[in-house]
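Note sheet for the following structure.
The values are calculated or read from the model by the stated rules, or taken from the named source; none is laboratory data. Note that this is a predicted model, so its numbers are computed, not measured. Reconstructed Cβ throughout: ideal geometry from the backbone, glycine too, with neighbour counts over all protein chains shown.
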Amino acid sequence: MTGEAETTCQGGVLTVTFNRPKQRNAMTWGMYDALAQACDRADSDDAVRVLLLRGAGGRAFVAGTDITQFAEFTTGKDGVDYEHRVSAVLDRLDAVTVPTVASIDGYCVGGGLGIACAVDLRIATPRSTFGVPIARTLGNCLSSTALSLLVRHFGHARTIAMLLTARLMTAEEAHAAGFLAVLTDDLDKDTRSLIDAVLGHAPLSMWASKEALRRLHRDGREADVTDIVARVYGSDDFRSAVSAFKTKRPVRWSGS
């Protein structure tokens with residue numbers, strides 16, 4: 001494995017491995033760029049059915065952004081530009097059309113928690129921890145995009161408590177909060193099982209759920225999902241599935 005972020009594709013799964021284990025996979029700009037590029041590939045390559053994110057080394061998923069990147073900041077605008085750039089990557093990840101999965105082992109904090117919040121499904125080991133301890137570390141703050149993602153998953157009360165106390169949440173707490181789909185001692189096996197289940201489901205149905213929820217969170221009750229409903233109900237997959245259900249045949253999803 002070489003490079004700060006390795007991207008591989010096998011069996012319909014595009015995997016991004018954050019690969020700076022000595023730095024607990026703290027994100028560099030190159031890693032953020034690689035993640036954005038993987039999102040573009042997931043949406044443009046018909047062979048990709050799932051986007052999987054993981055961290056190398058067994059100690060962390062992602063432990064924030066590399067602090068050395070802040071050393072050259074001299075004005076508030078530097079911070080604004082930084083948050084805008086990270087927010088663009090989080091928005092891009094949130095908008096990926098195929099299911100996205102984060103396989104988490106160890107620290108998932110700061111920017112790492114933002115990344116995990118922007119995917120659809122999260123699976124983690126019991127030793128994993130979650131939080132944004134900036135009030136006792138760097139003394140910085142979050143963008144509206146990052147805050148919105150945190151509130152979406154944890155609610156206002158948990159989010160403000162997380163930020164003000166700077167306490168890390170245990171994996172058990174994250175699971176109880178509904179943030180983790182699976183809590184497991186066998187991360188590789190259960191990540192594979194989760195992905196296999198997703199790979200067997202209707203691509204358009206999953207896309208519709210993802211996109212409608214994304215618009216709902218963005219636009220509230222005014223969100224218009226008419227085009228989503230029309231695309232799904234007008235699809236070959238829907239017609240084939242109805243016919244297969246009536247004749248008790250297995251469905252073969254095409255995504256069209």
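Among the numbered criteria (1) modelled with pLDDT under 95; (2) within 20 Å of Ala166 (Cβ to Cβ), which one does Gln69 miss?
(2)
May I ask you to list the residues in the stretch 37-90 that are outside any loop (DSSP other than H, G, I, E, B), surrounded by fewer than 17 Cβ atoms within 10 Å (Cβ to Cβ) and of a type in the set (A, V, I, L, M, F, W, C)?
Answer for the stretch 37-90, where residues must be outside any loop (DSSP other than H, G, I, E, B), surrounded by fewer than 17 Cβ atoms within 10 Å (Cβ to Cβ) and of a type in the set (A, V, I, L, M, F, W, C): Ile67, Phe70, Val80, Ala88.
Restricting to the stretch 16-72, what's the tally of residues that are in contact with a Leu (Cβ under 9 Å, 6 or more places away or on another chain), β-branched (Val, Ile, Thr) and touching a residue at least 40 places away in the same chain (Cβ under 8 Å)?
4
Quickly run through the stretch 101-148 and pick out the residues that are among the aliphatic types (A, V, I, L, M) and either farther than 24 Å from Ile195 by Cβ or without any contact (Cβ under 8 Å) to a residue 12 or more places away in the chain (or both).
Across the stretch 101-148, the qualifying residues are Val109, Val132, Ile134, Ala135, Leu138, Leu142, Ala146, Leu147.
Among the listed residues Leu204, Leu147, Leu138, identify the single one that is surrounded by 15 or more Cβ atoms within 10 Å (Cβ to Cβ) and either basic (Lys, Arg) or closer than 24 Å to Asp66 by Cβ (or both).
Answer to the selection: Leu147.
Look through Leu213, Leu147 and report the one residue that is at pLDDT 95 or above and within 26 Å of Leu14 (Cα to Cα).
On the way: Leu147 fails: within 26 Å of Leu14 (Cα to Cα).
Selected residue: Leu213, the only one of Leu213, Leu147 that is at pLDDT 95 or above and within 26 Å of Leu14 (Cα to Cα).
Return the residues of the stretch 56-97 that are closer than 29 Å to Pro126 by Cβ and out of contact with any Gly (no Cβ under 7 Å at 6 or more places or on another chain); say none if nothing qualifies.
Ala56, Gly57, Asp66, Ile67, Val89, Leu93, Asp94, Val96
Return yes when Leu194 is over 18 Å from Cys108 (Cα atoms), among the aliphatic types (A, V, I, L, M) and surrounded by 18 or more Cβ atoms within 10 Å (Cβ to Cβ) and no when it is not. If you could, list the steps in order and put the result at the bottom.
Numbers: over 18 Å from Cys108 (Cα atoms): yes; among the aliphatic types (A, V, I, L, M): yes; surrounded by 18 or more Cβ atoms within 10 Å (Cβ to Cβ): yes.
So Leu194 fits the description; yes.
Ala197 passes all but one of (1) out of contact with any helix residue (DSSP H, G or I) (no Cβ under 6 Å at 6 or more places or on another chain); (2) more than 30 Å from Asp46 (Cα to Cα); which number fails?
(2)
Tally time: how many residues in the stretch 174-210 are at positive phi and either modelled with pLDDT under 95 or outside the structural domain of Ala95 (by TED's automatic domain parsing) (or both)? Please lay out each step first, then the result.
Of the residues in the stretch 174-210, the ones at positive phi are 178.
Those still in the list that are either modelled with pLDDT under 95 or outside the structural domain of Ala95 (by TED's automatic domain parsing) (or both) too: none.
Number satisfying all stated conditions: 0.
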